[in-house]
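Input: a single structure, listed below in structure tokens.
The values are calculated or read from the model by the stated rules, or taken from the named source; none is laboratory data. From a predicted model like this one, the values you see are computed outputs, not experimental measurements. Positions of Cβ are backbone-derived with ideal geometry, glycine not excepted, and every protein chain shown enters the neighbour counts.
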Amino acid sequence: MTFSWPTARQRLTGGWNGTWAQNGTTVTVSSSAPPAAGVDVGFTADYSGPNILPSAFTLNGVLCAAG
């Protein structure tokens, strides 16, 4: 899964059930779990100034639908 923070003041501080990384404003998480098994992931983050939510998430390069 990949998403981008709207500002450079937001940063990933940790995550679980996957390998998390941040490069610039882009955050990625990957997992070795089989796709059919599913996986619950989560993260912690820090920010200064307004905390604006990411506007889009992709999974394996495909835009996720809201809902």
Taking the range 29-67 only, how many residues are touching a Phe, Trp or Tyr at 6+ places or on another chain (Cβ under 9 Å), β-branched (V, I, T) and farther than 16 Å from R11 by Cα? 2
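Looking at the range 26-55, which of its residues are β-branched (V, I, T) and either within 21 Å of A65 (Cα to Cα) or at pLDDT below 90 (or both)? Give the steps one after another, and end with the answer.
In the first step, residues of the range 26-55 are kept if they are β-branched (V, I, T); the result is 26-29, 39, 41, 44, 52.
Within the range 26-55, T26, V27, T28, V29, V39, V41, I52 meet the criteria.
So that you can scan it fast, the table gives a plain yes or no per residue for (1) in contact with a Pro (Cβ under 8 Å, 6 or more places away or on another chain); (2) in contact (Cβ under 8 Å) with a residue 40 or more places away in the chain:
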{"residue": "T2", "(1), (2)": "no, yes"}
{"residue": "P6", "(1), (2)": "yes, yes"}
{"residue": "Q10", "(1), (2)": "no, yes"}
{"residue": "G14", "(1), (2)": "no, no"}
{"residue": "T28", "(1), (2)": "no, no"}
{"residue": "V39", "(1), (2)": "no, no"}
{"residue": "N51", "(1), (2)": "no, yes"}
{"residue": "P54", "(1), (2)": "yes, yes"}
